[in-house]
Protein chains: 2
Amino acid sequence: MERGHIHVPAQCGRIAAILSRIGDKWTVLVVESLGNGPLRFNELRRRIGGISQRMLTLTLRAAERDGFVTRTVFPTIPPRVDYELTPLGRSLREPLHRLGDWALENVETIEESRRRFDGEAEKQAAAPRPQRAVGA
Amino acid sequence: MERGHIHVPAQCGRIAAILSRIGDKWTVLVVESLGNGPLRFNELRRRIGGISQRMLTLTLRAAERDGFVTRTVFPTIPPRVDYELTPLGRSLREPLHRLGDWALENVETIEESRRRFDGEAEKQAAAPRPQRAVGA
DNA sequence: CTGCATCCCTGTTGATACTG
DNA sequence: CAGTATCAACAGGGATGCAG
């Protein structure tokens, strides 16, 4: 409790839940892609790249449910649907960018740490405690 | 591109990857729980609550691999292992708290949005477009 | 164009039991 | 106490086909 922060497990659980939602592999991409203004379904899809139609639909529905985006249907032929960030969704971009900046700043450190860790693990596997011969 | 931010999909993918890692349901809890100082395995486990031994092990190993925590083994009997945040892990707490504050601030809005959304969905299900009789 | 339903595969999670 | 191994259950996610 060094600072004024809470540290109550229940609150942490809530944070974890939020992170799980927005960190579910596509929501971040959607929020960022919509950061420049509203987009149609397939524009969004092309913009993100690598997302299946199904996942985009599910992600957008979840985001709409959480109040991050609005879904506007134009009853034209062919149909047209615009997705746009709500104020809530836009407010999410700031803390998200914080974390994004942190990630970009530290991604190399993290990847190096991973390489080192994996290298050590390999060496450990190559020399599995010489003493203590299994059958002896 | 309204501000100085990047918005390159590749970068967003990295952010999403980081979010997926740290938002993997337990890492946040671990980081927060270790925020007050080093803890032993089972202390940490009790502190978090609801995490299985296996998941804690996996989460800690991943966190160690990424360089968020250090693992210190005391070769005593019974064995004792301390886990502690690295500077990198501690630096993660700040942007994490940002997002945490955002989550706490907006959790009610989000939950209300969900309730409303689910309520609407229920009404829609109850009135499945009166016109357009299936067989007619 | 948008998006729902279905099938299916995979990764992730958790319970249990066993080792050092 | 700390950690691993194995197995079973579940949800996430992709491909395809159909509908408005």
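Rule-based calculations on the coordinates, nothing more; no lab input. The shown structure was predicted, so the numbers you read here are calculated from the model rather than taken from an experiment. As a convention, Cβ positions derive from the backbone with ideal geometry for all residues, glycine included, and neighbour counts pool all protein chains shown.
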Requested in this report: Sticking with the crude label model, points 7 Å out along Cα→Cβ, report the distance from B:Ala121 to A:Arg115 in nm, one decimal please.
Outcome: 4.5 nm
Requested in this report: Would you give the gap between the C-alpha center of the range A:38-52 and the C-alpha center of the range B:12-65, rounded to a whole Å?
Outcome: 33 Å
Report summary line: Log10 I(q)/I(0) at q = 0.14, 0.15, 0.22 Å⁻¹ for the range A:9-125, from Debye over equal alpha-carbon scatterers, is -0.70, -0.77, -1.23
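What is the fewest-to-most order of A:Glu32, B:Glu84 by other Cβ atoms lying within 10 Å of their Cβ? Let's see the in-between values first.
Working: A:Glu32 26, B:Glu84 14.
With the sparsest Cβ surroundings first, the list reads B:Glu84, A:Glu32.
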